[in-house]
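Let me begin by presenting the structure, written as structure tokens, before commenting on it.
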Amino acid sequence: MRRRIVLMTVLVSTVAISLFALPFAAVWQRFYTQIELAELERDAHSVAADALDDLRDGEVPNPHWLEDNITAAIYSPNGQKLVGEGPQTADAPVRKAMRSDKIEPDQLEDDLVVAVPIYRNHDEQLLGVVRAWTPSTDANARIADRYLQMLGLAAVALLATWLLARYQARRLSVHVEDLSKAALRLGDGDFTVEERVVGIAEIDQVRSSLNATASRLDALLARERAFSAEASHQLRTPLTGLQLRLEAALRSPGHDHTHAIRASLAEVDRLERTIADLLALARGNRQKGVLDLAGLLTEVHQVWGPRLGSQRRALRFAVAENLPVVEASTAAIRQVLTVLLGNATEHGKGTVTVAVRDIEEAVAIDVADQGSVSQGEGSDLFERREPDADGHGIGLALARRLVEAEGGRLQLSRPSPTTLTVFLAAGRRSTGSTPPAGMPTSVPLVRSRP
């Protein structure tokens, strides 16, 4: 690319200089020829003025003009040379001057010639003709000297153009090479975004596109890497429930297992839905809509009620009336509630309470248990950890990320009893209460007003 830029720039400059210099050279050649002829005419008039008195007296003039480096000769009216340097007889310029008093410079084969007639003052009698001449090589030498000067200027211009083209080519190619290296790093998995502006619009646009591509690939691969860990964490709970149901059915071989099979199939359905939700969230395909809060709370009751019951713990609900509509991804909030309920079941104590409150511009969903979190543990509760590390693992970090992606916030409201709260932006107001429809009366349902 560097060679092409330099070659094209020098070529264009050469063409431009040629288009300018060639006509200019022709003009200079005519100009210097006219200057030479004008000087010859001046010299011829000078010789004629000096020889006029001698010719009036019928004498041959003294050729002292030759000492002044004026090459000239004087011819008689019959065409014979009287004195000076020139042809022995009159040539065409001299004969032309004899016939007319009009001075017409001539350019012979090798010489530039000017012939000036000499007349008496009173009777206009032709006394002679002055022929001044100079070799055309002298004029050509001057013209060649100007040509050399012009060629020198053209060479300087081309050299400057070549240096400037090399500088510009290097400046462009360095940035293009940087872009090439950035593309190679991108292919090797380095998604570092380099915010650098070089002042060249096209290169800056390409770099911006590369940075945008790197950011998208980085986010995509981060979601893909996190999916394996997050999926294992999120799928562990429904798989455990399914396993417990099947083990319970195996421990009672003589009983009717229809209920256990149906419950297991329902668990499998929830497992498939969880997998679909996780895939959509991992690929960034979440679709916002009106949050089906009643349906989510019903699922919480159906899934977590029996699990907490197996630990001799209760699940309670406190849902405010006339809650505003919330626009959020139901799949994302389902996974958030799964994480929060799983955290309360595994790490909490006593009764688990799910409360939904209206706090003017937002809806708060509290998941509380009767356990407690120490001050030091609460500060890094949402820090991502490895699945086999002590503490809350990756679930709460995932839940916070999902809530923030929906424009909400997840925080530890109270360390004791442990209360985790999801804040979601509120929309328009609904006209009635929003307890989960179809919830069995065997599970205590507490309704509280804001």
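Could you tell me whether the range 80-95 includes any residue that is over 60 Å from the mean Cα position of the chain (by Cα), at pLDDT 80 or above, among the acidic types (Asp, Glu) and not in a strand (DSSP E or B)? For the range 80-95, residues over 60 Å from the mean Cα position of the chain (by Cα), at pLDDT 80 or above, among the acidic types (Asp, Glu) and not in a strand (DSSP E or B): present.
Go through the residues of the range 304-326 one by one and say whether even a single one is among the polar types (S, T, N, Q) and out of contact with any Asp or Glu (no Cβ under 9 Å at 6 or more places or on another chain). Yes: the range 304-326 contains one or more residues that are among the polar types (S, T, N, Q) and out of contact with any Asp or Glu (no Cβ under 9 Å at 6 or more places or on another chain).
Regarding the range 171-193, can at least one residue be identified that is surrounded by 13 or more Cβ atoms within 10 Å (Cβ to Cβ), among the aromatic types (Phe, Trp, Tyr) and not in a helix (DSSP H, G or I)? The answer is yes, given that some residue of the range 171-193 is surrounded by 13 or more Cβ atoms within 10 Å (Cβ to Cβ), among the aromatic types (Phe, Trp, Tyr) and not in a helix (DSSP H, G or I).
The criterion of being under 30 Å from residue 153 (Cα atoms) and of a type in the set (D, E, K, R) does not hold for residue 56.
Summed over the range 320-331, residues that are surrounded by fewer than 23 Cβ atoms within 10 Å (Cβ to Cβ) and closer than 30 Å to residue 240 by Cα total 3. Applying the criterion of at least 1 residues that are of a type in the set (Phe, Trp, Tyr) to the strands (runs of 3 or more DSSP E) found wholly in the range 308-378 leaves 315-319. Taking first residues from the range 340-356 that are closer than 13 Å to residue 318 by Cα and partners that are outside any loop (DSSP other than H, G, I, E, B) and hydroxyl-bearing (Ser, Thr, Tyr), the Cβ contacts under 8 Å between residues at least 6 apart in sequence or on separate chains come to 352/345.
The values are calculated or read from the model by the stated rules, or taken from the named source; none is laboratory data. Predicted model, so just to flag it, every value in this text is computed and none were measured. With ideal geometry, Cβ positions are generated from the backbone for all residues, glycine too; neighbour counts draw on all protein chains shown.
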